[in-house]
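The structure under discussion appears below in the form of structure tokens.
The values are calculated or read from the model by the stated rules, or taken from the named source; none is laboratory data. Predicted model, so just to flag it, every value in this text is computed and none were measured. In this analysis, Cβ positions are derived from the backbone assuming ideal geometry, glycine residues included, and neighbour counts consider all displayed protein chains.
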Amino acid sequence: MPSVQKSLFFISSALVTAKAVGVLGYAMSTQWAIMTMKCVGGGSGSFNGSATITLALFNGKLDKVQCPFGNSDNFQVFPELVKIGGSPVALHGLVLCLLVLCLLFSAGTILISLYNSVSNPYETYMGPIGIYTCSSLSACLSFVVLIIFVASVTVTSMAEDMVKNSDQTVELDDKSTEMQLGYYLVIPYTVLSLAAIALIFMYDHAAYTHRREQQRPTEEAPKEIMMY
């Protein structure tokens, strides 16, 4: 059986990671970005309005005001991006894949932490090394998600293509993007994943120090004494 101190550290790591999973799960269910564009057209049917896309990971909403008409449409993000093709669908698919991997690695951290809280495995992937690996990958991949998603909604023509997909006659300009709660919740997920690493590192360092202190009297003993 592990010591009480070890159990507390590893249970704390599991709880922190479980909270991180809850945060990321909620983030994946809410809005990630709002993109607004000016909508103009000339000739006899001139108009001057705006189009706004409210984007989550799996669904979205397109609101038009005099662009050229006023209407509101809900859509499924991935099927809509498949119609557009190109880099937007590839980047969005990559974001979803990385988020799923984050959840899987976090689940690995939870399972290994709970296993260590009730047993004393060797220093293998089922010990602190496994938690360092899983939590580090979770933190790194979530950070990559932040970068890729921003590039997807700001650098590519995703928003413009979505609007033009419903009406090819409009011209769009002055796109502005505002990140929403879902996007920002990835940051505390990353921090909590790093916190799980910090907890196990604290325990690992304390255990290593304790082992060194126990070995020191033997190391410092005179050779004559050690011979007997």
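Values for this structure:
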quantity: Residue within the range 180-203 that is touching an Asp or Glu at 6+ places or on another chain (Cβ under 9 Å), modelled with pLDDT of 80 or more, not aromatic (Phe, Trp, Tyr) and not in a helix (DSSP H, G or I) present; calculated: no
quantity: Hits in the range 124-162 - residues which are over 21 Å from residue 201 (Cα atoms), free of Cβ contacts under 8 Å to residues at least 24 places away in the same chain and more than 11 Å from the chain's Cα centre (by Cα); calculated: 154, 155
quantity: Residue 88 at pLDDT 85 or above, over 30 Å from residue 17 (Cβ atoms) and either of a type in the set (A, V, I, L, M) or surrounded by 15 or more Cβ atoms within 10 Å (Cβ to Cβ) (or both); calculated: yes
quantity: Tabulated pairs, the range 99-118, first touching a residue at least 12 places away in the same chain (Cβ under 8 Å) and within 13 Å of residue 197 (Cα to Cα), second crowded, with 16+ Cβ neighbours inside 10 Å and aromatic (Phe, Trp, Tyr), C-beta under 9 angstrom, 6+ apart or interchain; calculated: 106/189; 112/10; 113/9; 113/10
quantity: Selection within the range 128-176 - buried (at least 16 other Cβ atoms within 10 Å of the Cβ) and not in a helix (DSSP H, G or I); calculated: 156, 170, 172, 175
quantity: Residue selected from the range 35-54 under the condition part of a strand (DSSP E or B) and either at pLDDT 95 or above or not hydrophobic (A, V, I, L, M, F, W, C) (or both), by the criterion surrounded by the most Cβ atoms within 10 Å (Cβ to Cβ); calculated: 52
quantity: Selected residue (criterion: surrounded by the most Cβ atoms within 10 Å (Cβ to Cβ)) from residues of the range 68-85 that are at pLDDT 85 or above and in a helix (DSSP H, G or I); calculated: 81
